[in-house]
Amino acid sequence: MSGLKSFLFVFVFLAILWLMLVGTTQSDEMIIGGVSSLLLALVFFRNKVHSEMKMNLKAVIFIPVYFIVFVLALVKSNLDVAYRVVHPRLPIKPGIVKVKTTLKSRVGRLTLANSITLTPGTLTVDVKDDILYIHWINVSGKDINDSTEQIVKGFEKYLEVIFG
């Protein structure tokens, strides 16, 4: 897709997403959404993030799906951490685990690392190529493959489609 077509595609996608999130077509909301979408699209293209995204229909469909998957993981981890706070006798086993990602895109790995960090109970400490070091509130993985399965795989399968 050419640069201008990609820019317009991202702008329109963000504007539609804004309208879906606010749920109104009042003029002030549409102006704020349009300006915000334009600014985000400009930042997106200035930093060449678009070159690492797959601009196809499947990727566009997976963006809101990923958002839903992320929100569900966020709610689940919030409830888990809240339960641990309310029941302090609940055993925790904090530690740093090593996980491996199959994502090749720098932006994809960044999105994965941020998604892990934003879910309570996990914190991305370092990223070295395809290895992420994660501080985990309750280490239950027995090895790198088990930890990767528990922490990364739920996000990675969607990010693979979006970023490659």
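Coordinate-derived values only; no laboratory data. Not measured: the values here are computed from a predicted model.
For the chain, what does the relative contact order come out to in percent, with C-alpha contacts under 8 Å and a separation of six or more?
26
Apply the membrane-span-like helix rule to the chain: whole DSSP H runs, Cα extent along the own long axis of at least 27 Å, mean Kyte-Doolittle hydropathy at least -0.5. List the helices found.
Span-like helices in the chain: 3-22, 27-46, 57-86.
Express in whole angstrom the spacing between the alpha-carbon centres of the range 30-44 and the range 112-127.
Answer, in whole Å: 27.
Mind running the shape call on the range 88-164? Use the C-alpha gyration tensor, a ≥ b ≥ c as the square roots of the eigenvalues: rounded below 1.5 for a/c, prolate if a/b tops b/c, oblate otherwise.
Note, shape of the range 88-164 comes out prolate.
Which of 63, 134, 16 ends up with the largest GNM mean-square fluctuation for the chain, with Cα atoms connected below 10 Å?
Of 63, 134, 16, the Gaussian network model singles out 16 as fluctuating most.
Given a 10 angstrom Cα cut-off, can you work out which residue in 83, 133, 66 is the most mobile in a GNM of the chain?
Judging by the Gaussian network model, the answer is 83.
Identify which of 115, 140, 105 has the largest mean-square fluctuation in a Gaussian network model of the chain, with springs joining Cα atoms closer than 10 Å.
Judging by the Gaussian network model, the answer is 140.
For percent of Cα pairs over 22 Å apart, the choices are (1) 59; (2) 41; (3) 52; which was calculated from the structure?
Among (1) 59; (2) 41; (3) 52, the one calculated here is (3).
Run the helix sum for the chain: -39,500 (n - 2.57) per DSSP H stretch of 4+ residues, divided by residue count, reported at 222 nm to the nearest 500 deg cm²/dmol.
The helix contribution divided over the chain gives -21000 deg cm²/dmol.
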